[in-house]
Amino acid sequence: MPQGRGVGKHGRIQNGCGMFDAVGYFTAVAQQNKALRQGGFLIGRTAGAEGINDIVANWKANNNFFLIDDTTAQATYSKGVTYFRRSVYTCYILMGYRFDDAQEREGRLKECRAIFQQIHSRMIKDKRERAHGEDLEWLNVQNVFSSEFPAYSFQGQTGLYFIVENEEPTDLTYNPAAWQ
């Protein structure tokens, strides 16, 4: 698990800055998923889709990956008098296959779809049961986007990525002490 992050007391995901810790949460979820464990998936981080080729190329001993993008896109917006920060998080599920075997590719893609469904259902359960206290309160589990990679995207890998949004209130109160 990334340094400085982890599951704290009462199972809450912590990242030290008061925001939802997507890397910590999805790492913990991936480590607990039986299909990922049995499939020998390497659980790691990537800095955007551009970094995936490097990860895949440097881990020839492993063909299966669950990667959490440790960068996020954010937007701040107003709903009346309250401001919210929308953060968008991306996770990748990739499986290796023989480059010239379309049937194996389809089978691996089907496995990736099933894993995504398991993770999505876990997010819904965790949020509903408040498994991590209030950490998932603002996670949008009702509308999770996913997209499959076209054939031959990553050196004999197939799979998909999914995107989750978290919208939480943010304090934009002007602080005169921060200014000269």
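Derivation of every value follows stated rules applied to the coordinates shown; laboratory data play no part. Everything numeric here is computed off the predicted structure, so don't read it as measured data. FYI the Cβ positions are ideal-geometry reconstructions off the backbone, even for glycines, and counts take in every protein chain you see.
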Legend entry - Residue satisfying condition, being β-branched (Val, Ile, Thr), in a loop (DSSP other than H, G, I, E, B) and more than 17 Å from SER87 (Cβ to Cβ), within set THR173, THR158: THR173
Inset, instruction - Within the stretch 142-159, track down each residue that is within 21 Å of the chain's Cα centre (by Cα) and either buried (at least 18 other Cβ atoms within 10 Å of the Cβ) or of a type in the set (Ser, Thr, Tyr) (or both). - result: SER146, SER147, PHE149, SER153, PHE154, GLN157, THR158, GLY159
Legend entry - Residue count, the stretch 94-121 (criterion: surrounded by fewer than 16 Cβ atoms within 10 Å (Cβ to Cβ), under 14 Å from the mean Cα position of the chain (by Cα) and in contact (Cβ under 8 Å) with a residue 60 or more places away in the chain): 1
Legend entry - Condition met for ALA49 (within 16 Å of THR27 (Cβ to Cβ), in contact (Cβ under 8 Å) with a residue 40 or more places away in the chain, among the small types (Gly, Ala, Ser) and surrounded by 15 or more Cβ atoms within 10 Å (Cβ to Cβ)): no
